[in-house]
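Okay, structure first, notes after.
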Amino acid sequence: MTTLHFEDQRSADDFATFIRRALRVAPDGALRLQASGTVLASWVEVLPGRSLTHTGLTLGLRVQRLTQPADLDIAVALVSVRDRLARGVETVFSVPPQQVSAPWLGISAPRSGWEPAATIAVARLQEIAREGIAEVAAGTPVVAGAAAVANLRERVWGRVPEEGMPAGAAFAADALGFLVGDEASWHRCGRWGRLSTPAGFVLTR
């Protein structure tokens, strides 16, 4: 069984918090765990992409340090991680053995070539997220089909404010608890965008 060794209890608690937040936006979602040496990258899908180009895909990324090297790249169900954490959050985490698949798991963001595009106030990102959440709530009928809700969310979160970043990036950062500090940086690389804060990253396509 594969195990991950977090630096301390605080780091383990941060991982558990990330999982809880991810489940709120993707209750049936997957968690991609990539470990290389003592660096762990945890990926989740916040907003799905559309068409063959996966336009609109929005991913959350949390990076943490491990005390023991690991070599890992697997995807597991978020609920299976939650169930393991429910037994107790410890500094040693046993990765669930059952792997899952999802369309977004075959898509990788660039590792290099990122160019700075903007610096955005965290308060502004919070405002964009709140406005979008309110718009989605107000525009969703009491009885609405899944397709109608998906189209509304796609329209709202695909909107690009004057900052040049899709509103969905602000939503993802807010939902995952990444909006800390005063400012966030926005970078571009081809069709990809990356929002960075001290707490984590959001990548959009």
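Out of region 137-187, which residues are touching a strand residue (DSSP E or B) at 6+ places or on another chain (Cβ under 7 Å), among the small types (Gly, Ala, Ser) and at negative phi?
168, 169, 172, 173, 175, 184, 185
So, of the residues in region 123-153 that are surrounded by 10 or more Cβ atoms within 10 Å (Cβ to Cβ) and small (Gly, Ala, Ser), which turns out to be nearest to residue 165 (Cα to Cα)?
Selected residue: 129.
Kindly indicate whether any position in region 186-198 is in a strand (DSSP E or B) and without any contact (Cβ under 8 Å) to a residue 24 or more places away in the chain.
The answer is yes; a qualifying residue exists.
Suppose we filter region 136-155 for residues that are out of contact with any Lys or Arg (no Cβ under 8 Å at 6 or more places or on another chain), of a type outside the set (A, V, I, L, M, F, W, C), under 19 Å from residue 48 (Cα atoms) and in a helix (DSSP H, G or I); how many remain?
3
With the requirement that a residue be in contact (Cβ under 8 Å) with a residue 12 or more places away in the chain and among the polar types (S, T, N, Q), what does region 91-110 give you?
Residues satisfying the conditions are 91, 94, 98, 99, 101.
Would you check which residues across region 154-172 are touching a helix residue (DSSP H, G or I) at 6+ places or on another chain (Cβ under 6 Å) and under 15 Å from residue 46 (Cα atoms) and list them?
Once the filter is applied, which keeps residues that are touching a helix residue (DSSP H, G or I) at 6+ places or on another chain (Cβ under 6 Å) and under 15 Å from residue 46 (Cα atoms), region 154-172 yields 156, 157, 167, 168, 170, 171.
Among (1) touching a Lys or Arg at 6+ places or on another chain (Cβ under 9 Å); (2) crowded, with 17+ Cβ neighbours inside 10 Å; (3) among the polar types (S, T, N, Q), which single condition is residue 64 missing?
(1)
Looking at this structure, is residue 67 hydroxyl-bearing (Ser, Thr, Tyr), touching an Asp or Glu at 6+ places or on another chain (Cβ under 8 Å) and not assigned by TED's automatic domain parsing to the domain that holds residue 169?
Considered against the rule, which asks whether it is hydroxyl-bearing (Ser, Thr, Tyr), touching an Asp or Glu at 6+ places or on another chain (Cβ under 8 Å) and not assigned by TED's automatic domain parsing to the domain that holds residue 169, residue 67 comes out as yes.
The values are calculated or read from the model by the stated rules, or taken from the named source; none is laboratory data. Please read these numbers as outputs of a predicted model, since none were measured by experiment. Every residue, glycine as well, gets a Cβ built from its backbone with ideal geometry; the counts of neighbours run over all protein chains shown.
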